[in-house]
1. Can you give me the number of residues within the stretch 254-281 that are closer than 16 Å to LEU146 by Cβ and of a type in the set (A, V, I, L, M)?
2. I need a count of the residues in the stretch 129-163 that are basic (Lys, Arg) and buried (at least 24 other Cβ atoms within 10 Å of the Cβ).
3. Which condition number in (1) more than 26 Å from SER92 (Cβ to Cβ); (2) open to solvent by 20 Å² or more (accessible area, probe 1.4 Å) is the one that GLN276 fails?
4. For the stretch 249-262, which residues satisfy the criterion of being modelled with pLDDT of 95 or more and in a loop (DSSP other than H, G, I, E, B)?
5. Do we find that VAL294 is in contact (Cβ under 8 Å) with a residue 12 or more places away in the chain, on the phi < 0 side of the Ramachandran plot and open to solvent by less than 20 Å² (accessible area, probe 1.4 Å) in this structure?
6. If I go through the stretch 220-243 residue by residue, how many of them are open to solvent by 50 Å² or more (accessible area, probe 1.4 Å) and either hydrophobic (A, V, I, L, M, F, W, C) or out of contact with any Leu (no Cβ under 8 Å at 6 or more places or on another chain) (or both)?
7. Find the residue count for the stretch 184-202, including only residues that are open to solvent by 20 Å² or more (accessible area, probe 1.4 Å) and under 21 Å from ALA232 (Cα atoms).
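The values are calculated or read from the model by the stated rules, or taken from the named source; none is laboratory data. It should be emphasised that the depicted structure is a prediction, and the values quoted were computed from it without experimental measurement. Cβ: placed from backbone, ideal geometry, glycine included. Neighbour counts: every protein chain shown. Surface areas here come from the heavy atoms of the whole protein model, side chains and all, with no ligands, DNA or RNA. Shrake-Rupley method; radii C 1.70, N 1.55, O 1.52, S 1.80 Å.
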Amino acid sequence: MQQSTWFTPEGLEDLLPPQAQKLEFYRRKLVDGFELSGFEMVLPPLAEFTDSLLTGTAGHMAVDTCRFTDQESGRMMGVRADMTPQVARIVSNRLKADSTISRLCYVGEVLKTRNNKAKGSRSPIQVGAEIFGHQGVESDIEIIELMLESMKLLKLPDIKVSLGHVAIVTELMTLANFSDSQSSELINILERKAIPEFEAFIAQIHMSPILKSKFEQLPKMCGSATEVIALAMHELAGLSAGLDAAIARLDTVIDAIAEINAVPVHLDMAEMRGYQYHTGIVFACYSGSKLQPVAKGGRYDNIGSVFGLALPASGFSLDLRSALDLLEEVTLNVTETIYAPSLVDKSLQEAIADLKKQGFRVIKSYDLSSLNKGVKTLSKQSGQWSVETL
């Protein structure tokens, strides 16, 4: 049989012991950090019926979802391509948290049908946190703070934050009475950051000269957050209550980040990433010269409406697998390795258990005589097991 038979599909790969141990080390750090901030862990199933997995705002993920027929029920099932809709289902349908604020975190592997080399593996290890039940700017700030705390736990260098707000563009399109097809075309152009196409598109749209000038300013509203927000206040303030609220929210978040974290903040007023499900502020975190974000998130109010409970929500997630190369190497918290004989002996097992409690790594050896000089072993002297050096 040819060796290629045993290759994994493109975009799906094994993690061998050094990398797997590294991933698990940082996974624990992140989850411990979430729990210390009051976020409770949930673990949704790897697969569920597509009726719930791809409903509502999760419908845009259909093309990325691996699907199959459930042999028990005959219904269509899917392997999750993102865990956020599952968490929304849990909080809306299982916890029924309609009158309280819920802070939930999660970690697990997801699967995508397509391989995007620029964005990493087809099977990311998704780690995230969500706040449900609060629509004020305070929960946006808390989630961004938690994201930045997570970057510090991962010891990532040269952290930068990118901000946006999907209401900036949607409010302008509403004011200009864009049709659905015009809105879809403009959003597609902005998602691709195709500035020449944007300029050509705006030039051929019929609207008031004042509104056209505001659209023409959008590509310039990108850069240092303090400079861009000042420009937005000058150019966009007063056009609509929705625009004013979005600008004020961004201004509050920018001030909060500057007060607590002092990291560079980039603001793009034409940012439409995740437009299919985000309803407000969006954010991402970058490290060094890496072009793809390490973590990203935003506000997605009413995500649980299809499950019978519409809740405001804000959250973020990161792919721990794709971040591995950026993370420092780790050393397991093991004081020393001791080799034990491979014997069926209750007193030996008790001695091994005691050493493990003290933090020692104990490995069974099938031939102690083959070990190198200087290693430590368990040997029985006068009826008692003790550690000796060969």
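1. Of the residues in that region, 5 qualify.
2. Total meeting the criteria: 0.
3. (1)
4. Within the stretch 249-262, no residue meets the criteria.
5. Judged against the criteria, VAL294 is a match.
6. Of the residues in that region, 11 qualify.
7. 4
Matching residues to (1) under 18 Å from THR113 (Cβ atoms); (2) out of contact with any strand residue (DSSP E or B) (no Cβ under 7 Å at 6 or more places or on another chain):
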position: LEU16; (1), (2): no, yes
position: LYS22; (1), (2): no, yes
position: TYR26; (1), (2): no, yes
position: PHE39; (1), (2): no, no
position: LEU54; (1), (2): yes, no
